[in-house]
Amino acid sequence: MSNKEDIRNLLEKYWNCETSQEEEQILFSFFSGEDIPGEWMKYKPLFSWKKRCLQERADKKLFSPFQKPFAIRFYPMIKVAASILLVLTVGVGAYTHYQQEKLMDRIFSESETYSDPEDALRETTKVITKVSSVLGTEKEKIAPEEKTDSVKAPGIMTE
Amino acid sequence: MNRLLLTFFISIFTSALSAQDIAASFLDKHGKDESLEVITIGKKMLEMMTELTAKDAELQEAIKGLESIRVVSAKDKNCGEKYYKTAYQLLQKNKDFEELLTARKAEEDTLIMIRENRGKVKELVLLAGKKEKFSLICIVGNIDLKTLTKYAGKLKIDGLDKLSSIEE
């Protein structure tokens, strides 16, 4: 009897939206049983449906991590990997750019080798001397090598 | 019309490619080799030398009009032949260059090639080397071969002066 009285009170509270989760569980359990008074049989489908809904929601919460898209599940790891990749790419890119600039400099003579004109003049003199001596020698067509070698140009670069 | 435009752009492209000097073409292939020494003297430095060469009129005359001088030489004796072959092939392939002279000696072969434009020598390349030696000299600018040859004459006179002073 007291059980029936309790259920009546709980129902009253339920209609007034005053029941706690535990109290609702009591109602669900009661109405999923067989011993339901005739006057309350009309509430059985309602509480059965409610119970089913709650069960489905609980199942979803339980299994959802395995149904989430790959990207969302591993989002924190992806963020870290992307940051590392970005740093590496920038680093490698900067290094490659530097090496390429250095090579381009070498190929296209963007930078002077000497900063001191005296040093540059010394090298220029060597070059002009070398070129002139070859031109001069061939112009005169002095055949004997002894004559050519006797007027040696100052030391040239490839020793 | 489209074909004309295409031909126009291709000709600009190829002329731009050929605009780089022989030293640059050579370094395209071997630029990364650490065994090569590259010396570059640009227009600015050449202009600054005008004052320094005031006492040597022949040298000043020889340098006048030059825009750049590049010297590529091998530090590693073992690579001399390889570099010589590459440079030689580059020069032979380049239709803009014509051979001025070839000199063969025991220690090295020397080849001078020039590129002319409207009757003026714009680029002079001296390739010297043998098995263990290599040097590539590339001079760009308004080059007067007569002046350069005259400078050789001056060197000979200086040489003879030194010789006579030793004998005394």
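Tabulated data for the structure shown
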{"quantity": "Cβ-Cβ under 6 Å pairs, at least 6 apart or on other chains, region B:130-148 side within 17 Å of B:Thr40 (Cβ to Cβ), far side in a loop (DSSP other than H, G, I, E, B)", "calculated": "B:Ser135/A:Met157; B:Ser135/A:Thr158; B:Cys138/B:Asp21; B:Val140/B:Asp21; B:Gly141/B:Gly65"}
{"quantity": "Answer residue from region A:100-159, given it is modelled with pLDDT of 85 or more and hydroxyl-bearing (Ser, Thr, Tyr) and is farthest from B:Ala24 (Cα to Cα) among those", "calculated": "A:Ser133"}
{"quantity": "Residue among B:Asp76, B:Asp21 that is surrounded by 19 or more Cβ atoms within 10 Å (Cβ to Cβ) and modelled with pLDDT under 85", "calculated": "B:Asp21"}
{"quantity": "Any hit, region A:3-17, residues being in a helix (DSSP H, G or I), surrounded by 15 or more Cβ atoms within 10 Å (Cβ to Cβ) and β-branched (Val, Ile, Thr)", "calculated": "yes"}
{"quantity": "Extreme residue, surrounded by the most Cβ atoms within 10 Å (Cβ to Cβ), among residues of region B:101-149 that are in contact with a Ser or Thr (Cβ under 6 Å, 6 or more places away or on another chain) and modelled with pLDDT under 90", "calculated": "B:Leu148"}
{"quantity": "Of all residues making up region A:18-45, the number that are over 21 Å from A:Gln55 (Cβ atoms) and surrounded by 12 or more Cβ atoms within 10 Å (Cβ to Cβ)", "calculated": "1"}
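The values are calculated or read from the model by the stated rules, or taken from the named source; none is laboratory data. All values reported here derive from a predicted model rather than from experimental measurement. We place every Cβ from the backbone using ideal geometry, glycine too, and count neighbours over all the protein chains shown.
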